[in-house]
Amino acid sequence: MNSTRWQVDFVQPSKELLTISMSGHWCAADNLPSPELLVEKLHRFPNLKKIAYHTENIAHWDSGLLSFIVMLNKICRQNSLDVSTDGLSKNMQSLLTLASAVPERENTKSAPTQSTLASLGHHTKQLYFEFEKMMEFIGAITISLSILCRGKVKFLGRDLFYFIQDCSVTSLPIVLIISFLMGLILAFIGAIQLQAFGAGIYVANLVAIGMSREMSPLMIAIIMTGRTGASYAAQLGSMQVNEEIDALKTTVISPIDFLVLPRIIALVLMIPLLCLYGDLVGILGGMLISNTFLHISASAYIHQTTSSISMVDVLVGVVKSLCFGLLVAIAGCYQGLNCGRSSDAVGSATTKAVVTGILYVIIADAIFEIILNILKI
Amino acid sequence: MTMNVMPIEQPPIQVKHLDMAYGGTIVQKDINFSVQKSEILVIMGDSGCGKSTLMRHMVGLKKPVAGDIFYNNEPFWSGGITQRENRMRHFGVMYQSGALWSSMTLAENISLPLQEYTTLTAKQIKEVAAFKLSLVGLAGYEDFYPAEISGGMCKRAGIARAIALDPEIIFFDEPSAGLDPISSKRLDDLILALRDGLGATIIVVTHELASIFTIADNAIFLDSERKTLIANAPPKELLKHSTDAKIQRFLTRGAEGVIQP
Ligand SMILES: Nc1ncnc2c1ncn2[C@@H]1O[C@H](COP(=O)(O)OP(=O)(O)OP(=O)(O)O)[C@@H](O)[C@H]1O
Ligand SMILES: [Mg+2]
């Protein structure tokens, strides 16, 4: 191998001509020399006018050699030297001709370098556009909903059924586990504190009110963001990539009517039920802890729970989760429909759907707390 | 045709001073041409010159930077959205990638526009869908999902969907790319039959020389370097009379000119 290793010699038959003579193995994997080699030589021979190649002794070559030659040619052009390709074999020449047949596109992609201030301004503007687009999207959903309310169903019943199933039955196991554990954790924290005051039985109040007003809607909204919001974004995003959404548009079927509405309706209808289910399972989790650690009997726990929790608490939770469900579905669908046209874009749309979904939910929760506080509910 | 729910109109299409761009990057400038009723127009040009982009402008997916398209003398983009959507109902569009709705079977893909815009019964819709599939050589594939068929078959199913409503104007983006010669020939026959039988106006993006010379009544040539339309004539005339080296090379598969760096 070593004996046939690539070799390059620079021969100068006359003052104006430089012959680049290559021999041995010239494959990309052979750790080929850098074309910068030539630049050095050029400095040494300032009177050069022409470059020629000599390649007869090359034993083996692949595109490694060709890209080397292309780079050399480029350097020659930059130094306004003539290049004679006569010394190249016929196969090399034809490949090189093909490579240069279509001129390289100028300013293919320009990434303008911006000052910090300019990029800050750019991002702020982008944020504003994003907000505007979001508002447009919400407006379009509202219009579609009003059309639906007038009895014009424009999506497939089958789709709605599928999404409802996906938001309900299929989500139950994860909701079960998380809610049960949430109830358990709440009860644990409460038990340690309340027992110190001999008020262990109030664990039931803590769990019931804590779950129904706050933890259940919030946790379920977060679960559904990761589960359903993300899948909405991925589904719509890949439809965007495949031009399926364009195909809907040119068939004059609104993607909002056909794709977004059934998804939103399914999640908004089902998430309150999941929330109620979560309340129940959480209370059971609390009961388990009270029973094993505080030795509160099941009947006493249930009695305490029913006397502490009011319809209002449950309703607050349900209304919250309705609202969260809407936000999660909107975030997912919005990101999906505004996805770029690559598989990469689908990934980032999914991530964005989850991040924005959770953000919206937390912000909405805070707003709810403030309003409920003012209204003293 | 009983299924033709739209009133038949004269659709001369006129594209006037159309400028197209993505972001700030101009794709094509100052495009002017018109299409007569029941004419087959071929859009030619090198890969990446903006043929699909031109189609996206003509079917209402992308707003031009300047200029407009006139259908029956009505501006397409400067008019309102309702007007545009009414116009779009008369279009059938086949996408370069097929763009079938992946959650639906082939039959459902074709049925959806029918359900939306005709008063046919479910049984009639099923029959029409089966018929359209058989037109593109996909009889018996009604219940297949797009993921279960090959790329060329997806393309053909996309064609079947584009002609589901017997539209007045049909847009095909590279319908024969990726098809075998026989399917490709059948497709030419289908395009001619759609024009002759239904009087459809057809706009086809294609590189297939054989098919260009068989079907085209007229052709336009977009150039990616000059970024504008450089020819507008029937392809046979272009071949005979055009002095533009690029067009000559294109129409003769590069035989005439030498490939030059
Ligand atoms: N979504 C996009 N964003 C930015 N630039 C785009 C986008 N789509 C296409 N382009 C650019 O617009 C130009 C025209 O693209 P277009 O898809 O219309 O080409 P085409 O003529 O259909 O090519 P082909 O024959 O390969 O299908 C290309 O140079 C491409 O880089
Ligand atoms: Mg294209």
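Look at the range B:204-220 and say how many of its residues are over 15 Å from the mean Cα position of the chain (by Cα) and either over 18 Å from B:L179 (Cβ atoms) or part of a strand (DSSP E or B) (or both).
0
Restricting attention to the range B:124-161, and to residues there that are more than 28 Å from B:R87 (Cα to Cα) and among the charged types (D, E, K, R), which single residue is surrounded by the fewest Cβ atoms within 10 Å (Cβ to Cβ)?
My answer is B:D143.
Regarding B:F70, is this residue under 19 Å from the mean Cα position of the chain (by Cα), more than 16 Å from ligand 1 (Cβ to nearest atom) and open to solvent by 40 Å² or more (accessible area, probe 1.4 Å)?
yes
Based on what the data block shows, is B:N109 on the phi < 0 side of the Ramachandran plot, within 14 Å of chain A (Cβ to nearest Cβ) and open to solvent by less than 10 Å² (accessible area, probe 1.4 Å)? Spell out the reasoning first.
On the way: on the phi < 0 side of the Ramachandran plot: yes; within 14 Å of chain A (Cβ to nearest Cβ): yes; open to solvent by less than 10 Å² (accessible area, probe 1.4 Å): yes.
Criteria met by B:N109.
Name every residue in the range A:206-249 that is more than 17 Å from the chain's Cα centre (by Cα), open to solvent by less than 10 Å² (accessible area, probe 1.4 Å) and within 14 Å of chain B (Cβ to nearest Cβ), in order of residue number.
Within the range A:206-249, A:E244, A:I245, A:D246, A:A247, A:L248 meet the criteria.
Inspect the range B:88-95 for any residue being among the hydrophobic types (A, V, I, L, M, F, W, C), within 16 Å of ligand 1 (Cβ to nearest atom) and open to solvent by less than 50 Å² (accessible area, probe 1.4 Å) and give the result as yes or no.
Scanning the range B:88-95, I find at least one residue that is among the hydrophobic types (A, V, I, L, M, F, W, C), within 16 Å of ligand 1 (Cβ to nearest atom) and open to solvent by less than 50 Å² (accessible area, probe 1.4 Å), so the answer is yes.
Return the residues of the range B:173-191 that are open to solvent by 20 Å² or more (accessible area, probe 1.4 Å) and within 16 Å of ligand 2 (Cβ to nearest atom); say none if nothing qualifies.
Result: B:E174, B:A177, B:G178, B:L179.
What are the residues in the range B:155-172 that are in a strand (DSSP E or B) and more than 16 Å from ligand 2 (Cβ to nearest atom), if any?
Selection gives B:I169, B:I170.
Answer yes or no as to whether B:G60 is at the interface with another protein chain (Cβ under 10 Å from one of its Cβ atoms) and surrounded by fewer than 22 Cβ atoms within 10 Å (Cβ to Cβ).
yes
Answer yes or no: is there a residue in the range B:174-183 that is within 14 Å of another protein chain (Cβ to nearest Cβ) and in a loop (DSSP other than H, G, I, E, B).
Taking the range B:174-183 and keeping what is within 14 Å of another protein chain (Cβ to nearest Cβ), we get B:174.
So of that shortlist, the ones also in a loop (DSSP other than H, G, I, E, B) come out as B:174.
Yes.
Output yes when any residue across the range A:254-269 is in contact with a Ser or Thr (Cβ under 6 Å, 6 or more places away or on another chain), open to solvent by less than 40 Å² (accessible area, probe 1.4 Å), in a loop (DSSP other than H, G, I, E, B) and within 14 Å of chain B (Cβ to nearest Cβ), and no when none is.
No, because not a single residue in the range A:254-269 is in contact with a Ser or Thr (Cβ under 6 Å, 6 or more places away or on another chain), open to solvent by less than 40 Å² (accessible area, probe 1.4 Å), in a loop (DSSP other than H, G, I, E, B) and within 14 Å of chain B (Cβ to nearest Cβ).
Residues A:L32, A:L96: which one is in a helix (DSSP H, G or I) and open to solvent by less than 80 Å² (accessible area, probe 1.4 Å)?
A:L96
When only residues in the range A:284-305 that are in a helix (DSSP H, G or I) and polar (S, T, N, Q) count, which is farthest from A:Q193 (Cα to Cα)? Spell out the reasoning first.
Filtering the range A:284-305 down to residues in a helix (DSSP H, G or I) leaves A:284-294, A:298-305.
From what's left, polar (S, T, N, Q): A:290-292, A:299, A:304-305.
Details: A:S290: 13, A:N291: 16, A:T292: 16, A:S299: 22, A:Q304: 18, A:T305: 18 Å.
Taking the candidates together, the pick is A:S299.
I'd like the residue in the range B:22-36 that is touching a residue at least 40 places away in the same chain (Cβ under 8 Å) and surrounded by fewer than 17 Cβ atoms within 10 Å (Cβ to Cβ) and, out of all such residues, is farthest from ligand 1 (Cβ to nearest atom).
Among those residues, the one meeting the criterion is B:Q36.
Search the range B:41-56 for residues that are acidic (D, E) and pair each with any residue that is within 6 Å of ligand 1 (Cβ to nearest atom) when their beta-carbon atoms are under 7 Å apart and the residues are at least 6 apart or on different chains.
none
Return the only residue of B:L194, B:L198, B:L222, B:L209 being among the hydrophobic types (A, V, I, L, M, F, W, C) and within 16 Å of ligand 2 (Cβ to nearest atom).
Values: B:L194 fails: within 16 Å of ligand 2 (Cβ to nearest atom); B:L198 fails: within 16 Å of ligand 2 (Cβ to nearest atom); B:L209 fails: within 16 Å of ligand 2 (Cβ to nearest atom).
The match here is B:L222.
Only one of B:L165, B:L198, B:L190 is in contact (Cβ under 8 Å) with a residue 12 or more places away in the chain, out of contact with any Leu (no Cβ under 8 Å at 6 or more places or on another chain), of a type outside the set (D, E) and more than 30 Å from B:A66 (Cβ to Cβ); which?
So the residue among B:L165, B:L198, B:L190 that is in contact (Cβ under 8 Å) with a residue 12 or more places away in the chain, out of contact with any Leu (no Cβ under 8 Å at 6 or more places or on another chain), of a type outside the set (D, E) and more than 30 Å from B:A66 (Cβ to Cβ) is B:L198.
What is the residue count in the range B:89-117 for residues that are polar (S, T, N, Q) and touching a Leu at 6+ places or on another chain (Cβ under 7 Å)?
1
From (1) more than 16 Å from ligand 2 (Cβ to nearest atom); (2) within 15 Å of B:H17 (Cα to Cα), pick out the condition that doesn't hold for B:H57.
Unmet condition: (1).
Determine, yes or no, whether A:S144 is under 26 Å from A:V252 (Cα atoms), away from chain B (no Cβ under 12 Å) and at pLDDT 85 or above.
When the stated conditions are applied, A:S144 passes them.
The values are calculated or read from the model by the stated rules, or taken from the named source; none is laboratory data. This is a predicted model, so every value here is computed, not measured. Ideal geometry is used to build each Cβ from the backbone, glycine not excepted, and the neighbour counts take in all protein chains shown. SASA here: full protein model, heavy atoms, side chains in, ligands and nucleic acids out. Shrake-Rupley method; radii C 1.70, N 1.55, O 1.52, S 1.80 Å.
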